[in-house]
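Let me begin by presenting the structure, written as structure tokens, before commenting on it.
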Amino acid sequence: MQKRLDQFLHQLYLKHAATLWKRARRILGDAQKAEDMVHEVFFLAAKKANQLIVHPNPAAWLHKTMNHLLYHALRKSAMEEILFGDDTKLFFPATPMESISFSLPEHLSDTDKEILQLRYEQNMSYSEISDHFGISLSAVKMRLQRAKARCKEKL
């Protein structure tokens, strides 16, 4: 029986892991987080393998589970943003905001420097930055998040 469950889970993984990963990566914007999310889905599937093998639509179960995990990950991220707010001071504690460009690491990309300068030096809102780059608000937030992470990493 265990061998049958293992084969069943293996086939599900082969058939659906790539699709789940692509979706998670698109939503989360991070390949490693997406991979972790797929592993979590299949970990849960393995825990419920006896129920999943008789489920009328195991693929739908996998996607619904992924939706649930993504929802909670995004919700947690949004709550952290609300609770901790703008973390500018974590990155530039002793720098007056008017001279942030001198504090940015040398090897930071021009795009990262520009978005950080627009937000923290020129005090542009997310919607103004969105208009400047011609991208959505969520894309602005993601780019800022990534730029701050790379900046923190290089500092």
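Within the stretch 39-77, work out how many residues are within 18 Å of the chain's Cα centre (by Cα) and free of Cβ contacts under 8 Å to residues at least 24 places away in the same chain.
Residues in the stretch 39-77 being within 18 Å of the chain's Cα centre (by Cα) and free of Cβ contacts under 8 Å to residues at least 24 places away in the same chain: 8 in total.
Yes or no: residue 125 exposed (fewer than 12 other Cβ atoms within 10 Å of the Cβ) and over 19 Å from the mean Cα position of the chain (by Cα)?
no
Take residue 154 and decide whether it is over 30 Å from residue 14 (Cβ atoms) and at pLDDT 90 or above.
No; evaluated as a whole, the condition is false for this residue.
Considering only the stretch 27-69, state which residues are basic (Lys, Arg) and closer than 22 Å to residue 4 by Cβ.
Quick first cut of the stretch 27-69, residues basic (Lys, Arg) only: 33, 47-48, 64.
Once the filter is applied, which keeps residues that are basic (Lys, Arg) and closer than 22 Å to residue 4 by Cβ, the stretch 27-69 yields 47, 48.
From the set of residues in the stretch 91-147 that are at pLDDT 80 or above and either in the same structural domain as residue 77 (by TED's automatic domain parsing) or among the β-branched types (Val, Ile, Thr) (or both), which is nearest to residue 74 (Cα to Cα)?
Per the criteria, the residue is 140.
For the stretch 119-153, which positions are more than 19 Å from residue 29 (Cβ to Cβ) and assigned to a helix (DSSP H, G or I)?
Of everything in the stretch 119-153, those that are more than 19 Å from residue 29 (Cβ to Cβ) and assigned to a helix (DSSP H, G or I) turn out to be 120, 121, 127, 128, 131, 132.
The values are calculated or read from the model by the stated rules, or taken from the named source; none is laboratory data. Everything numeric here is computed off the predicted structure, so don't read it as measured data. Cβ atoms come from the backbone with ideal geometry, glycine included; neighbour counts cover every protein chain shown.
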